[in-house]
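Some notes on the structure that comes next.
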Amino acid sequence: MSKVKSLQHRSTGSITVRRSRISPLITLSGAVVLVAFLSWAPWILPAATVSIFMNFFILVIMATMWNLLAGYAGMVSIGQQGFVGLGAYATLYFAIKGVNPFVAIPLAILACGAIALPVTFLVFRLRGGYFSVATWVIADSAMLIIGSIALLGGGTGHYLPGLTNLSPDQLNHYTYLATWVVALLVVVATYLLLRSRMGLVLASVRDNEVASRSAGAKVTSTRRMVYIIAAAGCGAAGAVLAISQPFIQPGNEFNLQWAAEMLFVSMIGGLGTIEGPILGSIIFFVLQQLLQNWGAWYLIIFGTVAVVVAIWQPRGIWGLLRDRFNFELLPVGYRVVAGKEVADEAA
């Protein structure tokens with residue numbers, strides 16, 4: 001790794017090794033402008049638009065975690081909605097005990113990570129479709145257990161306490177900021193993780209698990225850590241979802257729809273990329289806003305888009321753009337650039 005880094009941006013004969021064609025300064029400047037705009041959005045945009053942004057950020061959190069799990073670690077889960085629900089109900093539990101709901105968000109994240117640890121010792125005994133079905137069964141089991149607890153409202157639900165002292169505008173602004181900050185931290189943390197040593201192990205596992213094990217990579221422990229991180233991230237999505245929609249019911253928080261949306265946006269955006277789930281979430285919300293009055297055609301068009309992308313562009317739309325224009329916004333690896341291409345860029 002150190003040898004590769006030493007080659008970064010340094011020409012060696014006719015090739016150059018670098019992370020991206022785009023200057024890091026340009027990427028950083030664009031990120032600063034975007035972060036500043038989104039941080040001030042509640043004060044400059046209509047309330048309806050702010051609500052759409054909140055739902056968008058929640059989906060980005062879920063999809064980023066699902067993509068980390070499936071796109072990088074090769075674990076296709078259809079039960080991550082279980083941790084979304086557990087995150088929401090952990091927030092409710094702490095709020096009932098007197099903790100401010102916003103303060104309860106990191107506590108809910110830790111709780112979901114702690115629950116995920118023993119779960120790994122069960123589901124990691126399975127592979128492929130058996131693993132996927134097991135995660136679904138665990139999610140439904142969690143929903144049934146939560147629905148039987150009277151303190152949390154049972155099957156009828158419970159209103160999240162601790163928010164009545166805020167005005168509607170304050171609640172809207174604080175909820176938006178909490179959702180935006182969590183989404184930003186999740187994306188940044190995923191980017192840093194994939195550029196770390198663990199990211200190298202995940203890349204090797206994704207390319208060839210047998211070769212990775214033969215090379216001495218700790219595949220199982222790395223996957224266990226990724227599963228826990230993904231569970232904690234989905235728990236964070238559930239926590240901010242509970243605050244944005246403060247009447248909490250098992251059927252809403254543990255809804256299989258969350259898993260379907262995670263899979264949909266990750267697949268059409270591009271599995272195995274950081275940008276893919278973000279682009280997929282943008283496409284999802286654009287289609288949702290355009291087609292919300294189309295009745296049953298709404299679902300038919302969504303399904304058609306998913307089938308078309310899966311057949312003709314299995315690497316997703318971001319994969320198509322990356323291959324066509326040969327650039328990445330959030331690069332986690334290195335690329336070899338021919339000398340002619342370096343000269344063309346300089347010109």
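The values are calculated or read from the model by the stated rules, or taken from the named source; none is laboratory data. On a predicted model such as this, the values are computed, not experimentally measured, just so you know. Ideal geometry is used to build each Cβ from the backbone, glycine not excepted, and the neighbour counts take in all protein chains shown.
Taken together, L177, L117 contain a single residue that is surrounded by fewer than 19 Cβ atoms within 10 Å (Cβ to Cβ), aliphatic (A, V, I, L, M), touching a helix residue (DSSP H, G or I) at 6+ places or on another chain (Cβ under 8 Å) and closer than 15 Å to Q80 by Cα, which is L117.
Results for (1) under 29 Å from R206 (Cβ atoms); (2) at pLDDT 85 or above; (3) out of contact with any Pro (no Cβ under 6 Å at 6 or more places or on another chain), shown as yes or no for each residue.
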{"residue": "E275", "(1), (2), (3)": "yes, yes, yes"}
{"residue": "I283", "(1), (2), (3)": "yes, yes, yes"}
{"residue": "Q292", "(1), (2), (3)": "no, no, yes"}
{"residue": "Y298", "(1), (2), (3)": "no, no, yes"}
{"residue": "F302", "(1), (2), (3)": "yes, no, yes"}
{"residue": "V309", "(1), (2), (3)": "yes, yes, yes"}
{"residue": "W318", "(1), (2), (3)": "yes, yes, yes"}
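Here the stretch 162-207 is the region considered, the condition is being in a helix (DSSP H, G or I) and of a type in the set (S, T, Y), and the residue that is farthest from G272 (Cα to Cα) is Y174.
Residue-wise test of (1) under 19 Å from I283 (Cβ atoms); (2) at pLDDT 90 or above.
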{"residue": "F56", "(1), (2)": "yes, yes"}
{"residue": "W66", "(1), (2)": "yes, yes"}
{"residue": "A73", "(1), (2)": "no, no"}
{"residue": "L86", "(1), (2)": "no, yes"}
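Looking across P118, P101, one residue alone is assigned to a helix (DSSP H, G or I) and either over 20 Å from the mean Cα position of the chain (by Cα) or at pLDDT 95 or above (or both). It is P118. Of all residue pairs spaced 6 or more apart or on separate chains, those with beta-carbon atoms under 6 Å, a first member in the stretch 272-283 that is closer than 17 Å to D323 by Cβ and a second member that is of a type in the set (F, W, Y) and surrounded by 24 or more Cβ atoms within 10 Å (Cβ to Cβ) are T273/W318; E275/W318; G276/W318; L279/W318.
When restricted to residues that are at positive phi and in contact (Cβ under 8 Å) with a residue 24 or more places away in the chain, the stretch 162-221 contains 1. Among the residues making up the stretch 135-161, those that are β-branched (V, I, T) and part of a loop (DSSP other than H, G, I, E, B) are I149, T156. Among the residues of the stretch 62-104, which ones are more than 18 Å from Y174 (Cα to Cα), surrounded by 24 or more Cβ atoms within 10 Å (Cβ to Cβ) and β-branched (V, I, T)? Passing the criteria: T64, V84. When you check A231 against the structure, is it among the hydrophobic types (A, V, I, L, M, F, W, C), under 15 Å from A108 (Cα atoms) and assigned to a helix (DSSP H, G or I), yes or no? Criteria met by A231.
Note on the stretch 7-54: residues that are part of a helix (DSSP H, G or I), aliphatic (A, V, I, L, M) and either farther than 23 Å from V265 by Cα or at pLDDT below 85 (or both) amount to 10.
Residues being assigned to a helix (DSSP H, G or I), touching a residue at least 12 places away in the same chain (Cβ under 8 Å) and more than 24 Å from S141 (Cα to Cα) are represented in the stretch 71-92 by at least one member. Any chance the stretch 292-300 includes a residue that's in a helix (DSSP H, G or I) and among the small types (G, A, S)? Among the residues of the stretch 292-300, not one is in a helix (DSSP H, G or I) and among the small types (G, A, S), which makes the answer no.
Flag: L263 matches the condition of being under 30 Å from Y174 (Cα atoms) and either in contact with an Asp or Glu (Cβ under 6 Å, 6 or more places away or on another chain) or outside any loop (DSSP other than H, G, I, E, B) (or both). For the stretch 121-134, filtering for residues that are aromatic (F, W, Y) and outside any helix (DSSP H, G or I) leaves 1.
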